[in-house]
Amino acid sequence: MLIKKAPEFRWSEITPKHVYMNRRKFLAAAAAAGGAALAAGPFSRWIEPELRAADLAPLKVASKSPFSTTDKVTPIQLVTTYNNFYEFGTDKADPAHYATKFKTRPWTVTVEGEVAKPQKFSIDDLLAMAPMEERIYRHRCVEAWSIVVPWIGYSLSVLINKVQPTPKAKFVQFFTDLDPNQMPFVRQPILDWPYREGLRLDEAMHPLTTLCFGMFDQVLPNQDGAPVRTIIPWKYGFKSTKSLVRIRFMTTQPETSWNEEAPTEYGFYSNVNPNKDHPRWSQKTERRLGGSIFSTARQQTLMFNGYGDQVASLYKGMDLQKNF
Ligand SMILES: Nc1nc2c(c(=O)[nH]1)N[C@H]1C(S)=C(S)[C@@H](COP(=O)(O)O)O[C@H]1N2
Ligand SMILES: [Mo]
């Protein structure tokens with residue numbers, strides 16, 4: 001990834017620029033006024049409205065996943081203002097700014113390739129396909145920061161069973177939308193667009209693999225991949241494809257954008273693995289966003305991001321140093 005050398009971050013990097021600029025202006029004004037305005041009450045009332053995440057349509061949860069972690073959920077303002085969505089910029093604060101006007105309706109997801117029933121689904125078809133489950137998962141970026149998010153969705157296997165993969169289908173490829181009129185950064189050769197990812201069919205069928213429509217009881221914010229994305233909690237974050245428009249079933253291993261970009265850095269599997277360092281940094285530990293913003297405390301990264309009991313059997317007998 002286009003990563004800054006130090007994986008640590010400053011407050012300015014996890015906050016939209018206008019928010020910290022306003023805060024600086026406010027602090028300067030407060031200092032000029034003799035500091036009285038710095039009392040906790042007025043100060044917090046001043047910044048709170050800007051730090052609150054946008055009000056989006058509610059998305060009802062029918063049940064809670066037994067696989068949810070009990071780790072502390074990351075504050076929504078961090079989840080929505082510190083993330084990657086390169087179509088909307090490469091700075092972690094960019095997607096929250098540049099994706100605000102992205103149109104997510106009408107929206108269709110085309111399913112094609114090695115399936116008995118290729119078809120196009122509207123976003124409403126997909127929303128109605130299965131009951132929505134809240135799944136609180138650990139989410140680990142390859143850049144060694146992590147968050148805990150109450151995603152809303154259902155297992156991707158529901159959709160896969162509808163289209164009936166042929167016996168020849170062994171892999172699945174996922175495509176993000178590519179719209180130069182709405183995504184300012186796809187005009188630049190940052191990646192070979194559209195953003196593409198892939199899974200083995202058995203990984204895609206695993207119940208933890210989620211077709212995700214919302215988080216924090218609302219529909220997905222644009223910067224988090226609205227209106228529909230994938231979540232594969234035991235893999236690094238880049239394996240999850242945002243703003244999904246196409247799913248292709250294949251006989252051979254698909255190309256993926258990051259693997260194409262830097263094959264020695266990003267393998268096809270990309271399972272979270274503390275024992276396999278990235279060529280440019282260790283993967284042994286991670287920085288949990290929002291844990292304690294001003295401390296540098298890191299925590300151990302868990303094999304398969306802590307989902308080994310559920311998924312380790314998928315990789316039995318495989319050399320995970322080679323198949324990273
Ligand atoms: N289309 C698209 N999907 C993407 C990315 C991207 O740049 N474009 N970035 C990935 C990476 S590197 C991560 S860590 C997650 C970050 O966003 P999230 O916190 O909303 O999952 O999205 C992933 N999906
Ligand atoms: Mo990432």
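Less than 18 Å apart at the alpha-carbon level, and either on another chain or at least 8 residues along: which aspartates and glutamates does that give for Lys316? Partners found: Asp202, Glu203.
I need the shape label for the stretch 150-238. Rule: rounded when a/c is under 1.5, else prolate if a/b > b/c, else oblate, with a, b, c from the alpha carbon gyration tensor. Mind dumping the intermediate values first?
Values: a/c = 2.07, a/b = 1.29, b/c = 1.61.
The shape class here is oblate.
Packing, as the average of other Cβ atoms within 10 Å across residues, places the peptides 212-220, 56-64 in the order 212-220, 56-64, highest first. Taken one residue at a time, the phi angles of the stretch 280-291 give Karplus couplings (6.51, -1.76, 1.60, θ = phi - 60°) of 9, 6, 6, 10, 5, 10, 9, 10, 7, 4, x, x Hz. Gly and Pro are set to x.
Given the pairs Lys60/Lys284; Lys120/Lys170; Lys64/Lys322; Lys72/Lys92; Lys120/Lys239; Lys64/Lys235, which are separated by over 29 angstrom at their Cα positions? Please report the intermediate quantities before stating the final value.
Details: Lys60/Lys284 37 Å; Lys120/Lys170 21 Å; Lys64/Lys322 36 Å; Lys72/Lys92 22 Å; Lys120/Lys239 23 Å; Lys64/Lys235 22 Å.
Long pairs (Cα-Cα over 29 Å): Lys60/Lys284; Lys64/Lys322.
Tell me whether the stretch 61-100 comes out rounded, prolate or oblate; compute the Cα gyration tensor, take square roots of the eigenvalues as a ≥ b ≥ c, and use a/c under 1.5 as the rounded threshold.
Working: a/c = 3.00, a/b = 2.34, b/c = 1.28.
In terms of gyration-tensor shape, prolate.
When the charge dipole of the stretch 49-134 is built from unit charges on Cβ atoms (+1 for Lys and Arg, -1 for Asp and Glu) and taken about the Cα centre, the candidate among Thr90, Val111, Pro58 whose Cα reaches farthest toward its positive end is Pro58. Sequence-ordered 3J(HN,Hα) estimates for the stretch 69-81 from the Karplus curve with 6.51, -1.76 and 1.60 and θ = phi - 60° stand at 7, 9, 4, 5, 5, 6, x, 4, 5, 6, 4, 8, 10 Hz, glycine and proline given as x.
Here's how it looks for Trp145: its modeled amide H is under 5 Å from those of Arg287, which are all 5 or more places away or on a different chain.
When each of the peptides 71-78, 162-169 is scored by how many other beta carbons lie within 10 Å of its residues on average, the order from highest to lowest is 71-78, 162-169.
Taking amide hydrogens as placed 1.01 Å from N in the peptide plane, the amide H of Gly89 sits under 5 Å from those of Phe185, each at least 5 positions away in sequence or on another chain. Note on the stretch 135-157 and the stretch 170-223: Cα centroid distance 13 Å, given to the nearest whole angstrom.
Amide H contacts of Gln218: Leu59, each under 5 Å away and 5 or more positions distant or on a separate chain (H built 1.01 Å from N in the peptide plane; Pro and chain starts excluded). Sequentially through the stretch 159-172, phi angles give Karplus couplings (6.51, -1.76, 1.60; θ = phi - 60°) of 5, 4, 5, 5, 8, 6, x, 6, x, 7, 6, 10, 9, 10 Hz, Gly and Pro residues having no value and appearing as x.
With a 10 Å Cβ neighbour count serving as the proxy for reagent exposure, in which order, fewest first, do Ile123, Ile152, Ile160 appear? Let's see the in-between values first.
Working: Ile123 18, Ile152 24, Ile160 21.
Neighbour counts put them in this order, fewest first: Ile123, Ile160, Ile152.
Every number here is computed from the coordinates shown, using simple stated rules; none is lab data. Note that the structure is a prediction, hence the values are computed from the model and not measured. Reconstructed Cβ throughout: ideal geometry from the backbone, glycine too, with neighbour counts over all protein chains shown.
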